[in-house]
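Read through the structure below, which is laid out as structure tokens, and then see the notes.
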Amino acid sequence: MAQDKFLSNIKDPNSVVMAIDKATRFPEILEVTLAKYKDAIEDFSKLVREVATSGELLERIRSSEFTGKKRMALLKMFRRAVAPVIDTEMAKKVSSVPTKSLIDNYGATFKPIELLKKQFAALSPEGKGALAALIGEYDTRGQIGYSLTGLFFDWFETEFENLMTIEGPRGAGRDIELSTVLRGFVGEYPCDFVIRKAKTREVLAVGFARYDATRGGAQSDDRTGGNAYKVAKAREYCEKSGDQIRIVFLADGPGLAHGDTWRAAVDLDGEWEGNVRVTTMKLADQRVTADWLMRVAST
């Protein structure tokens with residue numbers, strides 16, 4: 001079972017993680033984001049001039065006046081310039097979250113429209129560049145995770161051609177619900193990928209891919225609890241059905257090497273009698289093997 005506790009023997013976690021670098025450095029980022037958000041900043045400034053209150057500004061942004069993509073940019077600016085307490089992800093749900101509810105409950109925190117008008121009337125080119133950089137700060141965050149999944153899929157398909165297949169979204173896309181691939185599985189269990197035998201289409205493993213540029217504290221605690229649930233749910237299904245599946249946690253990025261996050265990965269690796277393995281791209285050859293994926297489970 002020592003092989004299944006592989007991560008516990010690694011002395012320097014940084015030596016086994018892979019850094020995917022898609023970030024644009026300063027000051028180059030200012031030119032890139034300003035080009036992307038220039039029109040949205042002009043639209044926001046125009047709205048500020050036209051409205052009578054900050055609440056009305058939010059109403060205009062959330063109206064059918066703008067496309068979903070433009071609305072997201074405007075909502076990011078509203079959060080940065082007017083109301084940091086308004087979560088952009090919540091505010092974009094215009095059909096399920098009424099604007100009146102946002103204004104009634106959080107309007108007291110909105111920056112006064114008089115001050116906002118004064119600031120945006122005198123917004124300098126440098127100020128526009130800074131605003132664009134702020135709202136575009138996380139534009140590439142999801143793309144790094146997609147890159148990790150793509151790299152793993154490419155490696156897997158080359159390594160196990162004609163032996164096993166891997167399926168799931170390489171980029172943005174809906175997760176695979178385990179109930180759609182395992183007959184008799186009950187409940188929600190979204191996976192990033194599913195591994196099957198090529199000939200019989202038998203499900204051998206389910207997987208989850210996460211790239212952490214940085215990670216720690218409460219975020220790491222949340223991840224730990226979620227992973228423990230995934231293992232417990234899969235184990236419960238296998239014990240009831242008699243089926244056997246493995247769980248692959250593809251974890252990578254410099255954030256994985258942080259103390260709490262690394263310790264959580266070490267604890268997770270080898271759980272459930274060796275049916276769980278945590279791997280990075282650098283360790284995939286050693287951790288995600290045909291022998292492990294296809295072996296008969298020990299009793």
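Directionally averaged projected area (the chain, Cα convex hull): 18.6 nm². DSSP assigns beta bridges within the chain; of those with both partners inside it, close to 50 percent run antiparallel.
The amide H of A205, built 1.01 Å from its N in the peptide plane, has I195, R246 as neighbours under 5 Å, considering only residues 5 or more places off or on other chains. Using C-alpha pairs under 8 Å with a sequence gap of at least 6, the mean separation divided by the residue count of region 173-216 gives a relative contact order of 28 percent.
The modelled label-to-label distance between S64 and Y229, using points 7 Å beyond Cα along the C-beta direction, is 3.7 nm. Each Cα pair under 8 Å and six or more residues apart adds its sequence gap; the mean of these over the residue count of the chain is a relative contact order of 21 percent. The length gained on full extension between E28 and A198, counted as 0.36 nm times the residue separation minus their Cα-Cα distance, comes to 56.6 nm. The helix-based estimate of mean residue ellipticity at 222 nm for the chain, built from -39,500 (n - 2.57) per DSSP H run of four or more residues and divided by its residue count, is -14500 deg cm²/dmol to the nearest 500.
By the Kirkwood approach, averaging reciprocal distances over each pair of separate Cα atoms, region 1-116 gets a hydrodynamic radius of 17.1 Å. Counting only protein heavy atoms and a probe of 1.4 Å, the accessible surface of region 153-299 is 48% carbon and sulfur. What the Cβ-Cβ distance of M90 and E161 gives, at R0 = 45 Å and to the nearest 0.05, is a FRET efficiency of 0.50.
The values are calculated or read from the model by the stated rules, or taken from the named source; none is laboratory data. Values in this document were obtained by computation on a predicted structure and should not be read as measured data. All Cβ positions, even for glycine, are placed from backbone atoms using ideal geometry, and neighbour counts span all protein chains on display. Surface accessibility is based on the protein's heavy atoms, side chains included, excluding ligands, DNA and RNA. Shrake-Rupley method; radii C 1.70, N 1.55, O 1.52, S 1.80 Å.
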